[in-house]
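The values are calculated or read from the model by the stated rules, or taken from the named source; none is laboratory data. Just so it is clear, the model here is predicted, and its values are computed rather than measured. Ideal geometry is used to build each Cβ from the backbone, glycine not excepted, and the neighbour counts take in all protein chains shown.
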């Protein structure tokens, strides 16, 4: 904001609205041409969801539909959607919503088209049960159809492993760490041999370990319970930090991206959607990455849904497109382009998925690896305050990494922070 | 108009005949109404973008409005405001905001004053210098902040590299975001960098209207440059100083972009892992759009509005004193 508009009047909520409103918006998809039988569908998402080719294909098959892809930053897109819902207009025709935000939006189910009304119930049996439920409101309205799930694996750098005298092929590497304790011990070996850190951050151990627990921050009665899953995950991350194997970088930030390029870590917990990020961040590391199984078994981290805000003018056309997008053929296409793993279990047995090998990751059979983790995973109930609680606990881990907090005092702080976030 | 063209008025007509009636109304309209019409657009825009949000904000502040609990709408009375008084986060953010405000405003205005004083002398390439100091102001804040965020990075940051040259932090580089003092300094540096040139130019333009003979007279009386600065320049450009103090107060207390983009994890809007540099504007954003409590966020905005009014008034009074208005 320039100085010229810095008047007393521009304080606060208005300022916040104006500033963050500037992010990730483009011109509204014109609905003016609807009269001529032309329909324009604006789709908001983040990163690369593999829609470029599909858009051309759909437009060729449906000449009256024009699809406008609007990719933005992950958080900005969700916030933008939230603001447009409050404002009552301006939302895209279709918006992707991630696991981290689905709880927030399903409690505003009235703002979305109930997809059951459009005939989506026929797809219920095709989806992983928990994936279907996660986007359902308390009174049974379905606000989204699932795209991908984030089955977990462990990505690692074969060249760095080799330099540290560790095995490099994925079977032997998987055998190094059946449990998280053994994973940390491997990390210590690596750090000792090379003097470099092994993992990117304590928070990136906390999240996958938490995802493997049967109960997360909240039980299905919405009660915060820190002593179960969160405690296990927190202790694991503390152990790794104390062992000195964490590079203490905050995920998805410039320093983290730089960490890829500067070899600041050698292993990274990777849900299926992380593959695209690694490829984009460090394109010159092609063939230097491989994928092993994650310690402690399956778990889910992230994954999205397609939702249709009710305020749109073309909700029927929007639903037709979403319905087309979630058909097996398109889901497999997306999997092959960006690596996002479909959320329909039938596809995990599809030869097109099982035989697929990712060249960037030393020809790892990503289909087999992620399909196996997705089937075994323990679905977790995500409470209403799951997002803010996660941020609060992650911040406590960051404080330990920054040296401002002793690891043995950290758990009490984490409980306090989580409690506060649950009441915010 | 040519001075040589002197024509006598036609006979029979008085020199100042009353204008025709229509013309009379036009004159009247021109002098009485047009000025209001000309300033109206500002007030119209102010009403839409200034007054309305303030009033609307006040109404929202008195209501329960949670996005994640759409059913809990209704009047809350002063509950949101009373909650503020016991909210640790609010007081922490208030402390941070004032800390960064002091670290940025005071050096900023002092350095601007000194730079303006230097630029007011005969220098080679005057224009070049003057344009040069304004460059940071022209740089988009998001761009400069991102560069600063890398400058103050823990690993491979330039700031730590400079410090290591003089022997600091070779073993343990400073994690600028970890402690209050370091993060405040980093953020204040960004603010100072951006606004020093702008303020210096304002001061410079005021200084150029001071008559030279005042300086000559004082020089004859034996006043050195430092004394001239404080006893002649500063009192004589006092209105501009007042203006910059008030504007810096408003800007400083609304600080948002710099701490937001400086954070390693901007998405959380928590201003560091322990709220080390969370400003009030940032907290308002977090409460509104992360905790989804719009009513409480509106109450905070109103509190910030009042705080800014009070601090700006206090600063204005203090500056008047400084300028010698006894």
* Asked: On the given criteria, is residue B:164 outside any helix (DSSP H, G or I) and away from chain A (no Cβ under 14 Å)?
  -> no
* Condition check for residue A:374: modelled with pLDDT under 90, in a helix (DSSP H, G or I) and in contact with a strand residue (DSSP E or B) (Cβ under 7 Å, 6 or more places away or on another chain) -> yes
* the range A:205-230, residues that are away from chain B (no Cβ under 14 Å), touching a helix residue (DSSP H, G or I) at 6+ places or on another chain (Cβ under 7 Å) and within 14 Å of residue A:393 (Cβ to Cβ) -> A:205, A:209, A:210, A:213, A:216, A:217, A:224, A:226, A:229, A:230
* Going through the range B:66-94 one residue at a time, which ones are out of contact with any strand residue (DSSP E or B) (no Cβ under 7 Å at 6 or more places or on another chain), under 27 Å from residue A:100 (Cα atoms), outside any helix (DSSP H, G or I) and more than 9 Å from chain A (Cβ to nearest Cβ)? -> B:71, B:87
* Asked: Only one of (1) in contact (Cβ under 8 Å) with a residue 40 or more places away in the chain; (2) over 24 Å from the mean Cα position of the chain (by Cα); (3) within 14 Å of chain B (Cβ to nearest Cβ) is not met by residue A:58, so which one is it?
  -> (3)
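For every residue, the table says whether it meets (1) outside the structural domain of residue A:73 (by TED's automatic domain parsing); (2) surrounded by fewer than 23 Cβ atoms within 10 Å (Cβ to Cβ); (3) part of a helix (DSSP H, G or I).
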site	(1), (2), (3)
A:188	yes, yes, yes
A:193	yes, yes, yes
A:244	yes, yes, no
A:248	yes, no, no
A:257	yes, yes, yes
A:276	yes, yes, yes
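Scanning for something in the same structural domain as residue B:241 (by TED's automatic domain parsing) and exposed (fewer than 13 other Cβ atoms within 10 Å of the Cβ), does the range B:182-204 turn up at least one residue?
Taking every residue of the range B:182-204 in turn, none turns out to be in the same structural domain as residue B:241 (by TED's automatic domain parsing) and exposed (fewer than 13 other Cβ atoms within 10 Å of the Cβ).
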* Kindly indicate the residue of the range A:394-424 that is more than 11 Å from chain B (Cβ to nearest Cβ) and touching a residue at least 12 places away in the same chain (Cβ under 8 Å) and also nearest to the chain's Cα centre (by Cα) among those meeting that condition. => A:418
* Structure fact -> In the range A:104-138, residues that are at pLDDT 90 or above and within 14 Å of another protein chain (Cβ to nearest Cβ) total 8
* Can residue A:263 be described as over 23 Å from the mean Cα position of the chain (by Cα) and at positive phi? -> yes
* Structure fact -> Checked against (1) surrounded by fewer than 17 Cβ atoms within 10 Å (Cβ to Cβ); (2) assigned to a helix (DSSP H, G or I); (3) in contact (Cβ under 8 Å) with a residue 40 or more places away in the chain, residue A:122 satisfies every condition except (3)
* Might you check whether a residue that is buried (at least 19 other Cβ atoms within 10 Å of the Cβ) and more than 14 Å from chain B (Cβ to nearest Cβ) occurs anywhere in the range A:74-89? => no
* What are the pairs, 6+ residues apart or on separate chains, where a residue within the range B:238-266 that is farther than 30 Å from residue A:252 by Cα and within 11 Å of another protein chain (Cβ to nearest Cβ) has its Cβ under 6 Å from a residue that is at pLDDT 90 or above and in a loop (DSSP other than H, G, I, E, B)? -> none
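Residue-by-condition table, conditions (1) farther than 30 Å from residue A:389 by Cβ; (2) within 26 Å of the chain's Cα centre (by Cα); (3) outside the structural domain of residue B:95 (by TED's automatic domain parsing); (4) buried (at least 21 other Cβ atoms within 10 Å of the Cβ):
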{"residue": "B:227", "(1), (2), (3), (4)": "yes, no, no, no"}
{"residue": "B:268", "(1), (2), (3), (4)": "no, yes, no, yes"}
{"residue": "B:286", "(1), (2), (3), (4)": "no, yes, no, yes"}
{"residue": "B:293", "(1), (2), (3), (4)": "no, no, no, yes"}
{"residue": "B:299", "(1), (2), (3), (4)": "no, yes, no, yes"}
{"residue": "B:303", "(1), (2), (3), (4)": "no, yes, no, yes"}
* Structure fact -> When every residue in the range A:278-317 that is under 18 Å from residue A:251 (Cα atoms) and touching a strand residue (DSSP E or B) at 6+ places or on another chain (Cβ under 7 Å) is compared, the one surrounded by the fewest Cβ atoms within 10 Å (Cβ to Cβ) is A:278
* Within the range A:145-158, can you find the residues that are touching a helix residue (DSSP H, G or I) at 6+ places or on another chain (Cβ under 7 Å) and surrounded by 21 or more Cβ atoms within 10 Å (Cβ to Cβ)? -> A:145, A:146, A:149, A:151, A:152, A:153, A:156
* Structure fact -> Taking the range B:141-152 and keeping only residues that are touching a helix residue (DSSP H, G or I) at 6+ places or on another chain (Cβ under 6 Å) and free of Cβ contacts under 8 Å to residues at least 24 places away in the same chain, one is left with B:151
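If you check B:229, B:306, which single one turns out to be touching a residue at least 60 places away in the same chain (Cβ under 8 Å) and not in a loop (DSSP other than H, G, I, E, B)?
On the way: B:306 fails: touching a residue at least 60 places away in the same chain (Cβ under 8 Å).
The conditions single out B:229.
Can you tell me how many residues in the range A:378-393 are in a helix (DSSP H, G or I) and more than 7 Å from chain B (Cβ to nearest Cβ)?
Applying the first criterion (in a helix (DSSP H, G or I)) to the range A:378-393 yields A:386-393.
From what is left, the residues that are more than 7 Å from chain B (Cβ to nearest Cβ) are A:386-387, A:389-390, A:392-393.
Matching residues across the range A:378-393 total 6.
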* **Residues within the range B:267-286 that are more than 7 Å from chain A (Cβ to nearest Cβ) and touching a residue at least 40 places away in the same chain (Cβ under 8 Å), tallied** => 10
* Asked: Based on what the data block shows, is residue B:222 within 11 Å of another protein chain (Cβ to nearest Cβ), on the phi > 0 side of the Ramachandran plot and not in a helix (DSSP H, G or I)?
  -> no
* Asked: Looking at (1) surrounded by 12 or more Cβ atoms within 10 Å (Cβ to Cβ); (2) in contact (Cβ under 8 Å) with a residue 12 or more places away in the chain; (3) farther than 25 Å from residue A:263 by Cβ, which is the one condition that is false for residue B:155?
  -> (3)
* Tell me which residues, restricted to the range A:232-272, are over 24 Å from residue A:159 (Cβ atoms) and more than 14 Å from chain B (Cβ to nearest Cβ). => A:232, A:233, A:234, A:235, A:236, A:238, A:239, A:242
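Could you please let me know if residue B:195 is more than 12 Å from every other protein chain (Cβ to nearest Cβ) and in a helix (DSSP H, G or I)?
Criteria not met by residue B:195.
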* Structure fact -> Scanning the range B:158-181 for residues that are in contact with a helix residue (DSSP H, G or I) (Cβ under 7 Å, 6 or more places away or on another chain) and surrounded by fewer than 17 Cβ atoms within 10 Å (Cβ to Cβ), the one farthest from residue A:403 (Cα to Cα) turns out to be B:158
* How many residues does the range A:281-324 contain that are assigned by TED's automatic domain parsing to the domain that holds residue A:269 and part of a helix (DSSP H, G or I)? -> 4
